[in-house]
1. Ranked from highest to lowest mean number of other Cβ atoms within 10 Å per residue, what is the order of the peptides 96-105, 71-80?
2. Give the long-range amide H neighbours of Asp46: residues separated by 5 or more places, or on another chain, with amide H under 5 Å away, using H modelled in the peptide plane at 1.01 Å from N.
3. So if each residue of separation counts as 0.36 nm, and I subtract the Cα-Cα distance between Glu51 and Thr31, what length gain in nm does that give?
4. With θ taken as phi - 60° and the coefficients 6.51, -1.76 and 1.60, list the Karplus ³J(HN,Hα) couplings across the stretch 50-59 in order, rounded to whole Hz; mark glycine and proline as x.
5. Counting Lys and Arg as +1 and Asp and Glu as -1, what is the net charge of the other residues whose Cβ lies under 14 Å from the Cβ of Val26?
6. Would you give the gap between the C-alpha center of the stretch 67-105 and the C-alpha center of the stretch 19-38, rounded to a whole Å?
7. Using θ = phi - 60° and the Karplus relation 6.51 cos²θ - 1.76 cosθ + 1.60, list the HN-Hα couplings for the stretch 99-105 in order, rounded to whole Hz, with x at every Gly or Pro.
Amino acid sequence: MKFVVLAAVMAVVAARPQDAPEVAIVRMDSTQGEDGSFQYAYETSDGTNAEVTGESKQIGEEVGTVMRGSYSFVGDDGVTYTVNWVADENGFQAQGDHLPVAPTA
């Protein structure tokens, strides 16, 4: 699991525009429980950070992975944007003050 997280972070860093400033990983934590649950978090020197937890869940006759987390980044306008999300049997659901919300029926 640690390798997957590290590979994902490195892919994001490698995909950055070439004229972008260097960004260092200043904190990275991950744990995995014997029951398959996991947690990881990271923070970079440009103010980006993310935290995720996940666990197995019985969904009908199948077992799936339920995850929840958040990530924050500093936009080009200098404002920090935060997204809180859940991924479960109802799909991916993201919430953030800057995200549009569908009108109620």
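1. Values: 96-105: 7.1, 71-80: 10.8.
Top of the packing list down: 71-80, 96-105.
2. Those qualifying (amide H under 5 Å, at least 5 residues apart or on another chain) are Ala24.
3. Values: separation 20, 0.36 × 20 = 7.20 nm, distance 1.18 nm.
Contour length minus Cα-Cα distance gives 6.0 nm.
4. Rounded to whole hertz, the list is 8, 9, 9, 10, x, 7, 7, 9, 6, 10.
5. Net charge in that neighbourhood comes out at -3.
6. Each part reduced to its Cα centre gives a spacing of 20 Å.
7. Here the 3J(HN,Hα) series is 8, x, 10, 5, x, 7, 7 Hz.
Values in this text are rule-based calculations from the coordinates and carry no lab data. Computed from a predicted model, the values in this text were never measured in an experiment. Glycine gets a Cβ as well: all are built from the backbone with ideal geometry, and neighbour counts include every protein chain shown.
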